[in-house]
Amino acid sequence: MIRAGIIGATGYAGGELVRLLLGHRNVEIKWYGSHSYIDQKYASVYRNMFRLVEDVCQDDNLTQLARQVDVIFTATPQGFLASALNEDILSGTRVVDLSADFRIKDVAVYEKWYGIAHKSPQFIPEAVYGLCEINREAMKGARLVANPGCYPTCSILSIYPLLKEGLIEPSTLIIDAKSGTSGAGRGAKVANLFCEVNESIKAYGVASHRHTPEIEEQLSYAAAEPVILNFTPHLVPMNRGILITAYASLKKLPQPDGSLALPTEQQIRSAYEKYYKEEIFVRLLEPGVCPETRWVEGSNYVDVNFQIDSRTGRIIMMGAMDNLVKGAAGQAVQNMNLLFGEAEDEGLRMPPLFP
């Protein structure tokens, strides 16, 4: 059995981790860490866990936890893990961090966008960016996994094959993103109250959202050149889900007769199939079918598709997923499975919920 501990178990992502790990045949949760609910029964915080979890919430002592478990999940605010991590912890256990502390390789970029000083930059080089479909092999020997953000996961997977294959112009990328309110966390905020969110949709973090450099960094690796893009997220009055609509100009390709022509629909589809045909959790939809959040809710699946606009020479890339599962806890479990040699879909085989 894999002994697991969760710090931040009473946040939305932490609660989803509990739900998923309880369904994993080879995991035992040893520690339900929560700074806000120490000594309270976990099931009193999340009543859906009544008679399923009898444990009480403990504190966030990483050093003590590391001596008791094989893997630690940190579903915590930015800066927590960076301020607490040390070599003793990493030498005794694996860490899957759901915050942004180790996602960005350039510490100056992290500090600029997140507005805090990084307390343990010495661990950044060894942290593996935990987007399984792209970094699967690097994951297997990792001590520290930087679980990707929700917007970056959906954005990167929707765009990656076309950048990797050189089919779009990187400098023309624009990402329009929409998320349910659980993406803002469980903390009480006036802007997230029902009356503030219901019957409305709004953009936020315009030209300043902190997931922007994470998306740019990973897509730059794919393009083998720096990628700078526009990323605009929107808040939608629903509990779960992320929808990405990305736009880019198609790149003209050399033809046998020496001319240049835009990629065909089949060339685009073949690029997606090349990278995702064997993937368990990325579903390339049939032609003409647009991804919808309702068809991935509660699951670890990402639905992707595209539409060529021949009139403008541009392409629209689309993706949908559950921000709490593939965008957070599900991806963390998928990463854990890779770390410990489990089947990648263990604990994640549930189909999407509907309605």
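Among Pro287, Pro256, Pro226, whose mean-square fluctuation peaks in a Gaussian network model of the chain (Cα, cutoff 10 Å)? Looking only at Pro287, Pro256, Pro226, the biggest GNM fluctuation is shown by Pro256. Around the amide H of Arg314, modelled in the peptide plane, lie the amide H atoms of Leu250, Asp309, all under 5 Å away and 5 or more residues distant in sequence or on another chain.
Residue ranges 309-316, 215-222, 195-202, 70-77 sort as 70-77, 215-222, 309-316, 195-202 when ordered by packing (mean number of other C-beta atoms within 10 Å per residue, highest first). What the phi angles of the range 133-148 give under the Karplus curve with 6.51, -1.76 and 1.60, with θ = phi - 60°, is a coupling list of 5, 10, 10, 3, 5, 5, 5, 5, x, 6, 9, 10, 10, 8, 5, x Hz, glycine and proline written as x. Amide H to amide H, with H built 1.01 Å from N, Leu353 comes under 5 Å of Glu297, Gly298, Ser299, counting only residues 5 or more places away or on other chains. Only Cα sites of the chain enter the Debye sum here, all with the same form factor; the resulting log10 I(q)/I(0) across q = 0.11 1/Å is -0.73, listed in q order.
For the range 1-73, trypsin sites (Lys or Arg not before Pro) meeting the loop criterion (DSSP other than H, G, I, E, B) and having at most 14 other Cβ atoms within 10 Å: Arg25, Arg51, Arg67.
For the range 264-310, the set of trypsin sites (Lys or Arg not before Pro) satisfying both a DSSP loop assignment and a count of at most 15 other C-beta atoms within 10 Å is given as Lys277. Annotation: amide H of Ile2 within the under-5 Å range of Val27, Glu28, sequence separation 5 or more or interchain, hydrogens built in the peptide plane. In the chain, the DSSP beta bridges split such that about 50 percent are antiparallel, to the nearest 5. For the chain, the longest principal axis of the C-alpha atoms and the axis of helix 212-223 are separated by about 50°.
In sequence order, the range 80-88 has phi-based couplings of 5, 5, 4, 7, 10, 6, 8, 5, 4 Hz under the Karplus curve 6.51 cos²θ - 1.76 cosθ + 1.60, θ = phi - 60°, and Gly or Pro positions carry x.
DSSP beta bridges confined to the range 2-126 are antiparallel in about 5 percent of cases.
If contacts are Cα pairs under 8 angstrom and at least 6 residues apart, what is the relative contact order of the chain in percent?
17
For helix 150-164, report the angle its Cα long axis makes with the longest principal axis of the Cα atoms of the chain; keep it between 0 and 90° and round to the nearest 10°. Rounded to the nearest ten degrees, it is 30.
Seen from Leu262, the other residues with C-beta closer than 9 Å to its C-beta sum to a net charge of +2, counting Lys and Arg as +1 and Asp and Glu as -1. Each listed q (0.14, 0.17, 0.27 Å⁻¹) maps to a log10 I(q)/I(0) for the range 229-284, found by the Debye formula over equal Cα scatterers with no solvent: -0.66, -0.86, -1.10. Listed values for the range 109-126 are Karplus-derived 3J(HN,Hα) couplings in whole Hz (6.51 cos²θ - 1.76 cosθ + 1.60, θ = phi - 60°), namely 5, 4, 5, 5, 7, 9, x, 9, 7, 7, 8, 9, x, 5, 8, 4, x, 8, and x replaces Gly and Pro.
Only helices enter this figure: runs of n ≥ 4 DSSP H residues, each worth -39500 (n - 2.57), summed and divided by the residues of the chain, yield -7500 deg cm²/dmol at 222 nm to the nearest 500. Anisotropy class assigned to the range 263-320 is oblate, per the alpha carbon gyration tensor with a/c at or over the 1.5 cut-off and a/b no larger than b/c. So how tilted is helix 330-339 from the main axis of the chain? Cα-based, degrees 0 to 90, rounded to 10. Helix 330-339 sits at roughly 80 degrees to that axis.
Please give me, ordered by residue number, the trypsin sites (Lys or Arg not before Pro) of the range 86-195 that lie in loop per DSSP and have at most 12 other Cβ atoms within 10 Å.
Lys140, Lys189
Structure remark: mean-square fluctuation, Gaussian network model of the chain, C-alpha springs under 10 Å; the largest value among Ala224, Ala84, Ala191 belongs to Ala191.
Two numbers describe the Cα atoms of the range 151-322: Rg and Dmax, which are 16.9, 63 Å. Just to confirm my numbers, what's the Cα centroid distance between the range 147-208 and the range 40-82 in Å? So the two Cα centres are separated by 27 Å.
Spin-label pair Asp345-Arg136: with each label point 7 Å from Cα along the Cα-Cβ axis, the two points sit 1.2 nm from one another.
Read the figures in this text as sums done on the coordinates, not as results from a lab. No experiment lies behind these values; they were computed from the predicted model shown. Using ideal geometry, Cβ is built from the backbone for each residue, glycine included, and neighbour counts are taken over all protein chains shown.
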